[in-house]
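Asker: Handing you this structure, nothing more for now.
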Amino acid sequence: MEEGLWYLPAYVLAARVARREVSAAEVAEVHLRRLERLEPLLQAFITTTPEAALEAARRVDLALGRGDPVGPLAGVPAAVKDNLCTLGVRTTAGSRILERFVPPYESTATARLWRAGAVPLGKTNLDEFAMGSSTENSAFFPTRNPWDLGRVPGGSSGGSAAAVAAGLAAAALGSDTGGSVRQPAALCGVVGLKPTYGLVSRFGLIAFASSLDQVGVIARTVRDAALVLAAIAGHDPLDSTSAPVGPPDCESALDGEVEGLRLGVPREYWLEGLEEGVRRKVAEAIEVLASLGMKVEECSLPHTEYALPAYYILAPAEASSNLARYDGVRYGHRASGASDLNDMYCRSRREGFGAEVKRRVMLGTYALSSGYYDAYYLKAQKVRTLIRREFEQAFERFDVLATPTSPTTAFPLGERVADPLKMYLSDVLTVPVSLAGLPAVSVPCGLSGGLPVGLQLIAPPLAEARLLRAASAFEQATGHHRARPALDGGVDRR
Amino acid sequence: MRSAQGEPRPLLGHPVADPLVRARKRAGLRLPGSGPAWYNVAGGGGSVAVSRETVEHIAVLARLGLDPAEAGEMERQLGAILAYVGKLRELDTEGVEPTFHVLGRLLPSLPLRPDEPLPPLSPGAALANAPASERGCFLVPPVIPEEAEKGGGGG
């Protein structure tokens with residue numbers, strides 16, 4: 001058995017499987033054994049599906065044996081965040097209220113992933129309903145960061161990021177509402193891509209904040225992220241906000257030139273108190289981009305500091321509306337002993353939702369309640385316009401913007417749990433992009449104190465090809481994506 | 001960036017050991033100074049007064065049964081969060097259009113799908129996750145409390 005098969009990029013695995021240098025079944029078995037060994041330490045998965053994985057891998061091998069065409073991800077072991085509905089496979093959204101929910105349908109993003117030949121390893125842990133920045137709000141257990149088991153993997157797609165960083169999965173899907181793909185990718189030292197709002201169908205993604213939610217990709221190389229995006233993106237008639245465009249041709253765009261690209265560095269993202277190691281690594285990254293021939297210039301996005309307060313009105317407001325469906329009638333947890341229907345609603349929701357979900361439902365209900373709508377929700381939607389316009393103006397002068405992804409590296413488990421506002425501030429650098437619906441990617445840009453730092457690159461709507469070309473050039477020039485956690489050594493010592 | 005073998009090669013010909021050695025030779029690159037403190041953008045940790053009555057009213061609207069301890073905690077935390085989001089009042093948004101769909105400008109008309117029937121979920125599949133069902137219907141406790149005889153809940 002080849003050592004380190006689990007750290008090969010997905011595109012290399014797919015190519016080797018397609019050339020029949022290794023069987024898809026062997027690749028799946030290697031990953032499942034690694035998963036079995038490391039999962040007790042990391043707790044990245046809520047549900048694993050080893051039988052489905054081996055079955056899918058056998059189908060790939062049979063097709064190749066017959067000489068039939070296979071998909072671009074044939075044999076690639078993939079994990080999926082547990083808020084994407086999977087037909088017949090329990091989907092919890094990290095919540096007690098959906099602990100026993102088995103979807104009768106498949107999300108569009110996962111359906112396309114499997115159609116491309118990916119092998120389903122299981123469903124990854126998340127903050128309940130994707131509300132959080134550390135995966136500690138999961139109703140089941142926290143996930144550990146592979147770089148330091150005493151620290152959080154970030155969130156809310158923390159299970160997906162940890163699984164990819166530890167070599168349990170070659171790629172994973174997540175969802176990003178205010179940074180939930182980019183921030184955990186940064187904290188786990190992997191690539192996290194949030195596409196343009198509407199580029200990937202939200203059909204079957206358990207709704208949190210519908211005007212912001214977007215399915216994203218977590219992978220170990222930019223090329224892998226491009227490959228997965230191409231497989232899952234493109235118009236879907238089942239999502240009325242799906243952009244009427246085809247999947248972007250990112251793979252070939254990766255080979256293009258970056259010389260002469262105009263790179264803007266917005267000064268508002270260089271916060272006072274930005275961790276020193278983050279500041280240094282991102283500054284070095286920008287110098288590398290300059291050395292590749294990009295024209296780097298400082299710029300200003302003055303409304304940046306209003307993005308997080310606007311987000312914490314809009315996202316809870318939409319969540320309070322979306323989560324009204326959990327009433328204990330058609331699916332999900334129902335409390336026993338209720339005296340009447342209304343009592344059953346209240347008891348079921350009280351028992352089924354965790355503290356952060358209740359907090360956001362309360363906040364959102366308050367912001368939408370009679371007399372407050374104009375002052376909070378409408379005001380925030382207008383501020384959103386100011387933030388969107390500011391980005392539009394910046395993109396008249398620049399092709400790509402560069403910022404840090406997270407103000408800190410991975411923080412210790414428990415550090416921010418008691419103070420919701422402090423946890424919310426973890427997203428301060430990723431939320432503006434979400435409000436503007438822009439594509440952005442976090443790429444590894446080195447280690448600080450042994451922990452990964454992420455560089456966030458931002459592009460105009462639907463400019464994923466350009467975004468990934470810049471990210472790929474950076475990756476190839478530095479090789480930071482090849483850094484690995486000392487997990488295997490750590491395991492051996494235990 | 002791909003060689004004949006199909007494997008990517010580094011953009012600069014080889015992995016750069018210390019990219020800064022090269023980068024720092026380039027003159028004129030200046031990086032920004034500091035903005036606001038990231039941990040302190042809340043603006044002094046103030047609080048908006050949210051009364052217990054308001055918390056209880058909102059909990060009724062949201063159908064969340066909060067116990068007294070949760071309600072007290074919520075009172076304090078909502079106050080702090082509302083003080084933070086109140087920062088938006090600093091901005092003059094007179095005459096600014098709200099953004100309800102973020103790609104509205106780029107994609108002015110999101111297409112509706114043709115109104116064609118699709119295969120529906122079977123009744124069995126639709127009911128499979130129901131906490132209680134009977135004769136093809138979702139079963140719920142009595143809607144009007146007075147009519148409840150005994151222990152109607154739970155189904």
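Asker: Karplus couplings for segment A:458-471 from phi (6.51 cos²θ - 1.76 cosθ + 1.60, θ = phi - 60°), rounded to Hz, Gly and Pro as x?
Answerer: 10, 10, x, x, 6, 9, 4, 4, 5, 4, 6, 5, 5, 5
Asker: Turning to a different aspect of this structure: Taking every residue in B:115-123, how many Cβ atoms of other protein chains lie within 10 Å of its Cβ, on average?
Answerer: That average works out to 1.
Asker: Set the Förster radius R0 to 51 Å, insert the Cβ-Cβ distance between A:GLU26 and A:GLU297 as r into 1/(1 + (r/R0)^6), and round the FRET efficiency to 0.05.
Answerer: 0.55
Asker: I would also like to ask the following. Can you compute the charge dipole magnitude of segment A:60-157 about its Cα centre, using +1 on each Lys and Arg Cβ and -1 on each Asp and Glu Cβ, nothing else charged? Give it in debye, rounded to the nearest 20.
Answerer: Using only the charged Cβ atoms, the result is roughly 120 debye.
Asker: Then there's this: Calculate, axis by axis, the spread of Cα positions in segment A:210-353 along the three principal axes, and write the results as whole Å, longest axis first.
Answerer: 70, 40, 26
Asker: Excluding ligands, DNA and RNA, what is the accessible area buried between chains B and A, summed over both sides, using a 1.4 Å probe, to the nearest 100 Å²?
Answerer: 8800 Å²
Asker: With point charges of +1 on the Cβ of Lys and Arg and -1 on the Cβ of Asp and Glu, referenced to the Cα centre of the protein assembly as shown, which listed residue (A:LEU271, A:TYR311, A:ALA465) lies farthest in the positive direction of the dipole?
Answerer: In the protein assembly as shown, that residue is A:ALA465.
Asker: If you roll a 1.4 angstrom probe over the protein chains with everything in place, what fraction of the accessible area of segment A:321-376 belongs to carbon and sulfur, to the nearest %?
Answerer: For segment A:321-376, the apolar C and S fraction of the accessible surface comes to 46 percent.
Asker: Return the average number of partner chain Cβ atoms within 10 angstrom of each residue Cβ along peptide A:421-427.
Answerer: Taking the mean over all residues of the peptide, I get 3.
Asker: Follow-up. Please compute the per residue accessible area over segment A:414-494 with all protein chains in place, 1.4 Å probe, rounded to a whole number of Å².
Answerer: Dividing the accessible area of segment A:414-494 by its residue count gives 28 Å².
Asker: Still on this model: Which peptide among A:144-157, A:179-192, A:111-124 comes first, and what is the full order, when sorted by highest mean count of other Cβ atoms within 10 Å?
Answerer: Order by mean packing, descending: A:179-192, A:144-157, A:111-124.
Asker: Still on this structure, please answer the following. Can you give me the distance in nm between label points at A:GLU272 and A:ARG90, each placed 7 Å from the Cα along the Cα-to-Cβ direction?
Answerer: 5.0 nm
Asker: Mind checking the per residue accessible area of segment A:75-135 for me, 1.4 Å probe, whole number of Å²?
Answerer: That works out to 22 Å² per residue.
Asker: Mind giving me the FRET efficiency for B:ARG113 and A:ARG389? R0 is 35 Å, r the Cβ-Cβ distance, nearest 0.05 is fine.
Answerer: About 0.70, to the nearest 0.05.
Asker: While we're here: At a cut-off of 50 Å², which residues of segment A:86-134 become less accessible once all protein chains are present than in their chain alone, using a 1.4 Å probe?
Answerer: For segment A:86-134, once contacts with the other chains are taken into account, A:PRO104 lose 50 Å² or more.
Asker: Quick one: what are the phi-derived ³J(HN,Hα) couplings along segment A:302-308, Karplus 6.51/-1.76/1.60 with θ = phi - 60°, whole Hz, x for glycine and proline?
Answerer: x, 8, 3, 5, 8, 5, 5
Asker: Starting from the Cα of A:LYS281, draw a straight line to each of the lysines and keep only those under 27 Å, dropping any in the same chain fewer than 8 residues away.
Answerer: A:LYS194, A:LYS295, A:LYS422, B:LYS25
Asker: Mind giving me the FRET efficiency for A:GLU51 and B:ARG52? R0 is 41 Å, r the Cβ-Cβ distance, nearest 0.05 is fine.
Answerer: About 0.20, to the nearest 0.05.
Asker: Defining a contact as two alpha carbons under 8 Å apart and six or more residues distant in sequence, what relative contact order in percent does segment B:43-88 show?
Answerer: This gives 60 percent for segment B:43-88.
Asker: About its Cα centre, what dipole magnitude does chain A give when the only charges are +1 on Lys and Arg Cβ and -1 on Asp and Glu Cβ, stated in debye to the nearest 20?
Answerer: Here the size comes out at about 700 debye.
Asker: With only alpha-carbon atoms in the gyration tensor, what are the semi-axes of the equivalent ellipsoid for segment A:185-287, in Å, largest first?
Answerer: Computed over segment A:185-287, the values are 29, 19, 14 Å.
Asker: With a point put 7 Å past each Cα toward its Cβ, work out how far A:SER240 is from B:LEU121 in nm, to one decimal.
Answerer: Each label point is offset 7 Å from its Cα along the Cβ direction, giving 1.9 nm.
Asker: Sticking with this one: For the charge dipole of chain A, defined by +1 on Lys and Arg C-beta atoms and -1 on Asp and Glu C-beta atoms about the Cα centroid, which residue among A:ILE46, A:LEU254, A:VAL191 has the Cα displaced farthest towards the positive pole?
Answerer: Positive-end residue among those listed: A:ILE46.
Asker: Roughly how many Å² is the accessible area per residue of segment A:154-296, as a whole number, for a 1.4 Å probe?
Answerer: Value returned for segment A:154-296: 19 Å² of accessible area per residue.
Asker: Ignoring ligands, DNA and RNA, what percent of the 1.4 Å accessible area of segment A:417-494 is carbon and sulfur?
Answerer: Carbon-and-sulfur percentage of accessible area, whole number: 51.
Asker: Please give the average number of partner chain Cβ atoms lying within 10 Å of the Cβ of each residue in A:309-315, rounded to a whole number.
Answerer: 4
Asker: Residue by residue through segment A:199-213, which ³J(HN,Hα) values in whole Hz follow from phi under the Karplus form 6.51 cos²θ - 1.76 cosθ + 1.60 (θ = phi - 60°), with glycine and proline marked x?
Answerer: 6, 10, 4, 8, 4, x, 8, 5, 5, 10, 10, 5, 7, 10, 4
Asker: With 16 Å as the cut-off, how large is the P(r) tail for segment B:43-88, expressed as percent of Cα-Cα pairs?
Answerer: Pairs farther apart than 16 Å: 37 percent.
Asker: In deg cm²/dmol, rounded to 500, what helix-only [θ] at 222 nm does chain A give when every DSSP H run of at least 4 residues adds -39500 (n - 2.57) and the total is split over its residues?
Answerer: Rounded to the nearest 500, it is -12000 deg cm²/dmol.
Asker: Choose one of A:PRO237, A:ILE206, A:ALA219: the residue whose Cα lies farthest towards the positive end of the charge dipole of segment A:185-250 (beta-carbon charges +1 Lys, Arg; -1 Asp, Glu; about the Cα centre).
Answerer: Final value for the positive-end residue is A:ALA219.
Asker: Further question: Could you give the size of the charge dipole of segment B:43-88 about its Cα centre, using +1 on the Cβ of each K and R and -1 on the Cβ of each D and E, expressed in debye and rounded to the nearest 20?
Answerer: Roughly 220 debye, rounded to the nearest 20.
Asker: Grab the Cα-Cα distance for B:ALA132 and B:ILE144, subtract it from 0.36 nm times how many residues apart they are, and report the gain in nm with one decimal.
Answerer: 2.5 nm
The values are calculated or read from the model by the stated rules, or taken from the named source; none is laboratory data. All values derive from a computational prediction rather than experimental measurement. Cβ sites come from the backbone with ideal geometry, for glycine too, and all protein chains shown count toward neighbours. The accessibility values were calculated without ligands, DNA or RNA, using every heavy atom of the protein model including side chains. Shrake-Rupley method; radii C 1.70, N 1.55, O 1.52, S 1.80 Å.
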